[in-house]
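Novice: One structure coming up, written as structure tokens, with questions to follow.
The values are calculated or read from the model by the stated rules, or taken from the named source; none is laboratory data. Model, not experiment: these values are computed from the prediction. So basically every Cβ, Gly included, is an ideal-geometry build from the backbone, and we count neighbours across all protein chains shown.
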Amino acid sequence: MTVALLVLLKITVTIIIFGIGLDSTLHDAVRLFRHPALLLRSLLAMYVLVPLAAVGLVILLPLPPGAEAGLLVLAVSAGAPLLPRKLLGIGDGAYTFSLVTVSSVLAVILVPFWLEMLGPLFPRLPRLAPERTALILGESFFLPLLAGMAVRRFFPKFAAWTGGRVVGLAGLAMTLAAVVLLAVNWHVVLEVRWQGIAALALLILMALVIGHLVGGPQEENRSALAVACATRHIGVAVAVATSLPGGRTAVVISIYIAVSVAITLPYTRWRRVVAARHAATLR
């Protein structure tokens, strides 16, 4: 049952990325290369500051082994924000999509690098070869993304009507799968304890703050990078989790999904209000 739910999580991620492709173009993908300073700040936030924040939490807080490993796995598994800007009503859509694409390419190198670097400090963490990461990202990100972009290219009206609906339904299915996984493994949730759940919530809050501060000065970039930092590539995280013994780390990922939704949605609502007020002042 647990394995089937983890597979469902990966499938919903794939469908979400397909939906993002329906709403994006190749021109959007290379936007960040025209803004190198913003590119460097974005990657610094996603792939350096957020993982370091997770390491600090693991060192400072007394966490169960499964929660410790799950927190670190999630922290290094950046690369594919699952809440694209155009569907949230915040930020710069082209920037968000370019960040998704560039960071996912770099994940092939950076995710195995982080796991290798953290291995001596946290022996429970597995190693992940770059070719394995590339295969995961190819199956769960690049293929569905290119498929969605191809549909947009040849059937633009259909893509415009379908994109948001596909992402919305797949996101709902992902959340439900995570909730069912938690219900099935309730005993593991008790083993993770409130300290593990609190650490996950704290990591998400710290990631939002990191992205919000580093993404400035433009307000739309702050919002997009904050969401990007707070979301993880569930496909990579699940692949790493399934290589660990027991089901604790996988359940921690499900807890993360539920907590992430609870924390990120209020932030995005606030940022929509800020964006509306900013637009009103420009009229």
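Novice: If you check every pair at least six apart or on different chains, which have Cβ atoms under 9 Å apart with a residue in the range 107-122 that is free of Cβ contacts under 8 Å to residues at least 40 places away in the same chain and farther than 16 Å from residue 69 by Cα first and a residue that is among the polar types (S, T, N, Q) and buried (at least 20 other Cβ atoms within 10 Å of the Cβ) second?
Specialist: Between residues of the range 107-122 that are free of Cβ contacts under 8 Å to residues at least 40 places away in the same chain and farther than 16 Å from residue 69 by Cα and residues that are among the polar types (S, T, N, Q) and buried (at least 20 other Cβ atoms within 10 Å of the Cβ), the close pairs are 108/133; 109/133.
Novice: Then there is this: Which ones in the range 21-43 are assigned to a loop (DSSP other than H, G, I, E, B) and surrounded by 19 or more Cβ atoms within 10 Å (Cβ to Cβ)?
Specialist: Residues of the range 21-43 that are assigned to a loop (DSSP other than H, G, I, E, B), as a first pass: 23-25, 30, 35.
Within the range 21-43, 23, 24 meet the criteria.
Novice: Considering each of 60, 71 in turn, give the residue that is farther than 19 Å from residue 224 by Cα, touching a residue at least 24 places away in the same chain (Cβ under 8 Å) and out of contact with any Asp or Glu (no Cβ under 6 Å at 6 or more places or on another chain). Walk me through how you get there before you give the answer.
Specialist: Details: 60 fails: touching a residue at least 24 places away in the same chain (Cβ under 8 Å).
Exactly one residue qualifies, and that residue is 71.
Novice: How do the pairs read when you match residues in the range 21-37 that are modelled with pLDDT of 80 or more with residues anywhere that are among the basic types (Lys, Arg) and part of a helix (DSSP H, G or I), using Cβ under 6 Å and keeping only pairs 6 or more apart or on different chains?
Specialist: 22/152
Novice: Would you check which residues across the range 156-165 are buried (at least 20 other Cβ atoms within 10 Å of the Cβ) and under 8 Å from residue 19 (Cα atoms) and list them?
Specialist: Of the range 156-165, the ones buried (at least 20 other Cβ atoms within 10 Å of the Cβ) are 159, 163.
If the condition is that a residue be buried (at least 20 other Cβ atoms within 10 Å of the Cβ) and under 8 Å from residue 19 (Cα atoms), then 163 is the only one that fits.
Novice: Scan the range 124-152 for residues that are of a type outside the set (Ser, Thr, Tyr), in contact (Cβ under 8 Å) with a residue 24 or more places away in the chain and farther than 16 Å from residue 15 by Cα and jot them down.
Specialist: 124, 125, 126, 128, 132, 134
Novice: Mind listing whichever residues of the range 194-221 are in contact (Cβ under 8 Å) with a residue 12 or more places away in the chain and of a type outside the set (A, V, I, L, M)?
Specialist: 195, 196, 211, 212, 215, 218, 219, 220, 221
Novice: Could you list, in sequence order, all residues of the range 113-154 that are loosely packed, with under 14 Cβ neighbours inside 10 Å, in contact with a Lys or Arg (Cβ under 9 Å, 6 or more places away or on another chain) and part of a helix (DSSP H, G or I)?
Specialist: 116
Novice: Can you tell me which of 61, 87, 72 is modelled with pLDDT under 85, more than 18 Å from the chain's Cα centre (by Cα) and within 22 Å of residue 208 (Cβ to Cβ)?
Specialist: On the way: 87 fails: more than 18 Å from the chain's Cα centre (by Cα); 72 fails: more than 18 Å from the chain's Cα centre (by Cα).
Just a single option satisfies the conditions, and that option is 61.
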